[in-house]
1. Hey, could you check the range 23-37 for residues that are touching a residue at least 60 places away in the same chain (Cβ under 8 Å) and touching an Asp or Glu at 6+ places or on another chain (Cβ under 7 Å) and say which is surrounded by the most Cβ atoms within 10 Å (Cβ to Cβ)?
2. May I ask you to list the residues in the range 238-262 that are closer than 24 Å to Glu298 by Cα and in contact (Cβ under 8 Å) with a residue 40 or more places away in the chain?
3. Please specify each residue of the range 175-201 satisfying the condition of being more than 14 Å from Ser51 (Cα to Cα), free of Cβ contacts under 8 Å to residues at least 24 places away in the same chain and either assigned to a helix (DSSP H, G or I) or open to solvent by 80 Å² or more (accessible area, probe 1.4 Å) (or both).
4. Answer with yes or no whether Gly80 is surrounded by 19 or more Cβ atoms within 10 Å (Cβ to Cβ), on the phi > 0 side of the Ramachandran plot and of a type outside the set (Phe, Trp, Tyr).
5. If I ask for residues that are open to solvent by 20 Å² or more (accessible area, probe 1.4 Å) and over 26 Å from Arg55 (Cβ atoms), which ones from the range 259-288 would you list?
6. Between Val69, Val19, which is farther than 25 Å from Arg217 by Cα, of a type outside the set (Lys, Arg), in a strand (DSSP E or B) and open to solvent by less than 10 Å² (accessible area, probe 1.4 Å)?
7. Arg231 fails exactly one of the following numbered conditions: (1) modelled with pLDDT of 95 or more; (2) under 21 Å from the mean Cα position of the chain (by Cα). What is the number of that condition?
8. Restricting attention to the range 107-129, and to residues there that are open to solvent by 40 Å² or more (accessible area, probe 1.4 Å) and not basic (Lys, Arg), which single residue is nearest to Ala233 (Cα to Cα)?
Amino acid sequence: MAERDGQADAGAMFEGFEVADIDVGDAVIHVRHAGDGPPVLLLHGHPRTGSTWHRVAPALVEQGYSVVVPDLRGYGASLGPEPTPDHTAYSKRAMAGDLRTLMHRLGHERFAVVGHDRGSYVALRLALDHPESLERVALLDCLPIVEHLERITPEFATAWWHWFFFAQPATPERVILADPDSWYHGDPDRMGQENYDEWRAAVNRPQVVRAMLEDYRAGLTVDRAAEEADRAAGRKVEAPLLVLWSLDDDLEDLFGDPLPIWRDWATDVRGRGIRSGHHMAEDAPAELTDALVAFLRE
């Protein structure tokens, strides 16, 4: 563990949380954690950091949970290894391994996980690779990668073109890093000023941008292959699964009701839409918290 382990987080976003930088092997994971009771791991998406949960995490602590909020490998203040030609260094399997080790280091052998956007793919990989570690799984704005790719339409390719742009070698780094503030758009009033400041600092660091792009490159290669292998072997999410999606985003518009798709991947599925934009932890934190607490207490 790094020097900051066990120190109080000075930011008002996570008042009362401890902050640590924990060596989990080939990555150092920056994490905030607080609370007593059943452990819940919250995983952010692209291009956010763990601070995206700043309105939800304290509310879950108040509800009696022990809440762990990391930055994914290479994102935010977490450090990852050098990328590899096959992209396995930023695969969801590697990230899931980081977080299983992180939770064990914090004393949590079994836990619930909530993942949003790219973090939802890490949560799915945790559920499929380490079912013995998971009590419950909540996936936000997510379908398995292979289900997206097998449903490609002109509408999907137009709306989600960034998946394929980010997968290109070298060019995305040059384009984004020429002016990160123009590429990534954030609103401090909507996000909260401290969350915005943390996010903006992260996306202006070249090593973070490269890691985030490697996440997408892994998604279309090694992560896709891992999901195909899971499906061929008949592996499913064994823990109860909650699926939530943003009604003001485009997942339902592109694919219809996500629940029938997820029933091919899990044995116990429930879920609904939430009136929110894509970043629901920022846009609809109260409704999201209520939905998570109801699921966690079932």
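The values are calculated or read from the model by the stated rules, or taken from the named source; none is laboratory data. All figures in this text were calculated on a predicted structure; none of them were measured in a lab. No Cβ is skipped: glycine too gets one built from the backbone with ideal geometry, and neighbour counts run over all protein chains shown. With ligands, DNA and RNA removed, areas are computed over all heavy atoms of the protein, side chains included. Shrake-Rupley method; radii C 1.70, N 1.55, O 1.52, S 1.80 Å.
1. Ile29
2. If the condition is that a residue be closer than 24 Å to Glu298 by Cα and in contact (Cβ under 8 Å) with a residue 40 or more places away in the chain, then Glu238, Ala239, Pro240, Leu241, Leu242, Val243, Leu244, Trp245, Ser246, Pro258, Ile261, Trp262 are the ones that fit.
3. Val175, Ala178, Asp181, Ser182, Trp183, His185, Asp189
4. no
5. Pro260, Arg263, Asp264, Thr267, Asp268, Val269
6. Numbers: Val69 fails: farther than 25 Å from Arg217 by Cα.
Exactly one residue qualifies, and that residue is Val19.
7. (2)
8. That would be Asp129.
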